[in-house]
Each structure stands twice: as structure tokens, then as C-alpha cells.
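Read through the structure below, which is laid out as C-alpha cells, and then see the notes.
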Amino acid sequence: MKFMRGYVAVIDRANRWIGRVVMYGIFVMMGILLWSSISKTFFLPSLWTLEMAQFAMVAYYILGGPYSIQMGSNVRMDLLYGEWSDRRRAWTDAITVFFLIVYLVVMIYGGYDSLSYSLQYGERSPTAWRPYLWPIKVIMVVGLFLMLLQAISELFKDILRLKGDDIPREVI
């Protein structure tokens, strides 16, 4: 129990900090797209803006995912869930989080394989700008790994709830 509480505290704190920093990535995307509009109107159009905005969106989405899971911002079918007892919710959440963990492990395996291919062969985007793809693939693998750590934290929270352990608000 002590290990689980410590794990939850460390992972939740780290993902909360990362999520708070990454949420300002929306301004990076806005700046890139604003420059794209200005350059197309007054100057020569920039080749890099659309793809760079897409890369920024991927980083924003994938690195913000663990924070979203932590805050419970994911979509949940509340038709029956809202009426259930805390114990039944914890069981249901534990089962679904287990499947999420399996899914994330498979995604990390595939992402790591794609990243190693990209590094080995110097993979580039097929667009006119032709940036290397390994930086965004690193971000994707790191983000998936952080999501896996957060999913394990959520599983530990559910186990602690099932054991009757009240998780203090400052840990969550």
C-alpha cells in the first residue's frame, strides 16, 4: 500500500507538471498558424508551417494525454456509472484501466519499432519541406510511456479504493 501511494504521488505530480507546461502549446500552434496566414498574404508562403503545426498538435495531444487521464477528462458513458456505488465504480475502472494498460504496451512496442526504423534509416516526411520524423516519434513514444505510467497510477488508485484506503486529495 505504501509503495502504491508513493507511486501515485510521484507520477501524478510529474504528469500534472508536464500537462500544465504542455497546455501552453496551443499558443505555439496559434503562432505557427498566424505566421502561415501572414506569410501567405504578404510574403512568399512558408513550406514548413502546416507540417510544423501538425507536429505541435501531436506533441500537445500526446503529452497532454496523461494529464487528461489524471483529471478524469476522458469521455465516460455516464448512463449507469453515475448511479453505481464507489466500490462498483472502482472495480469497473480497474478492469477498463487494465485493458488500457495492455493497449498502451502494444502502442509503445509499435512506436518504439517505428522510432528505431526512423533513426536507423533517417526517415523524412514525403512533403516539400522534408523534415526528419524521428523527433516527433520520440515525443510520441515518451507521451505513450507517460500515459502508461499514469494508467498504472489510476489502477493503483482503484486498488487502494477497493481496499478501503482513502486517497488524500493532495496525492491525486
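The values are calculated or read from the model by the stated rules, or taken from the named source; none is laboratory data. Source: prediction; values computed, not measured. Glycine gets a Cβ as well: all are built from the backbone with ideal geometry, and neighbour counts include every protein chain shown.
Here's the yes/no breakdown for (1) basic (Lys, Arg); (2) surrounded by 18 or more Cβ atoms within 10 Å (Cβ to Cβ); (3) modelled with pLDDT of 95 or more:
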position	(1), (2), (3)
Asn74	no, no, no
Tyr81	no, no, no
Asp93	no, yes, no
Thr96	no, no, no
Met107	no, no, yes
Gln120	no, no, yes
Val138	no, no, yes
Val142	no, no, yes
Asp158	no, yes, no
With the structure loaded, tell me whether Arg124 is closer than 27 Å to Asp158 by Cα and either without any contact (Cβ under 8 Å) to a residue 60 or more places away in the chain or of a type in the set (Lys, Arg) (or both) or whether it fails that test. no
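Taking the stretch 74-119, which residues are aromatic (Phe, Trp, Tyr) and farther than 21 Å from Met140 by Cβ? So that I can check it myself, show each step before the final result.
Restricting attention to the stretch 74-119, the residues satisfying the condition of being aromatic (Phe, Trp, Tyr) are 81, 84, 91, 98-99, 103, 109, 112, 117.
Residues satisfying the conditions are Tyr81, Trp84, Trp91, Phe98.
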If Val97 satisfies all but one of (1) more than 20 Å from the chain's Cα centre (by Cα); (2) over 19 Å from Ala59 (Cα atoms), what's the number of the condition it fails? (1)
For the stretch 103-114, indicate whether the set of residues that are over 29 Å from Met4 (Cβ atoms) and touching a strand residue (DSSP E or B) at 6+ places or on another chain (Cβ under 9 Å) is non-empty. no
Conditions (1) under 21 Å from Arg5 (Cα atoms); (2) modelled with pLDDT under 95; number of the one not met by Gln150: (2)
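Against the definition (more than 27 Å from Met30 (Cα to Cα) and among the small types (Gly, Ala, Ser)), how does Ser125 come out, yes or no? Give the derivation first.
Working: more than 27 Å from Met30 (Cα to Cα): no; among the small types (Gly, Ala, Ser): yes.
So Ser125 fails the test.
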Which residues, counting only those in the stretch 41-51, are within 25 Å of Pro135 (Cβ to Cβ) and without any contact (Cβ under 8 Å) to a residue 40 or more places away in the chain? Pro45, Ser46, Thr49, Leu50
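Here is a list: Ile18, Ile11. Which entry is assigned to a helix (DSSP H, G or I), in contact with a Ser or Thr (Cβ under 7 Å, 6 or more places away or on another chain) and surrounded by 16 or more Cβ atoms within 10 Å (Cβ to Cβ)? Outline the logic, then answer.
On the way: Ile18 fails: in contact with a Ser or Thr (Cβ under 7 Å, 6 or more places away or on another chain).
Within the list Ile18, Ile11, the selection yields Ile11.
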Trp134 fails exactly one of the following numbered conditions: (1) in contact with a helix residue (DSSP H, G or I) (Cβ under 6 Å, 6 or more places away or on another chain); (2) on the phi > 0 side of the Ramachandran plot; (3) not charged (D, E, K, R). What is the number of that condition? (2)
Is it fair to say Ser116 is surrounded by 13 or more Cβ atoms within 10 Å (Cβ to Cβ), free of Cβ contacts under 8 Å to residues at least 12 places away in the same chain and of a type in the set (S, T, N, Q)? yes
Count - residues of the stretch 122-136 that are surrounded by fewer than 17 Cβ atoms within 10 Å (Cβ to Cβ) and under 20 Å from the mean Cα position of the chain (by Cα): 1
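Collect the residues in the stretch 8-57 that are hydroxyl-bearing (Ser, Thr, Tyr), more than 22 Å from Met140 (Cβ to Cβ) and under 18 Å from the mean Cα position of the chain (by Cα), keeping them in residue-number order.
At the first step, the residues of the stretch 8-57 found to be hydroxyl-bearing (Ser, Thr, Tyr) are 24, 36-37, 39, 41, 46, 49.
Still in the list and also more than 22 Å from Met140 (Cβ to Cβ): 36-37, 39, 41, 46.
Within the stretch 8-57, none qualify.
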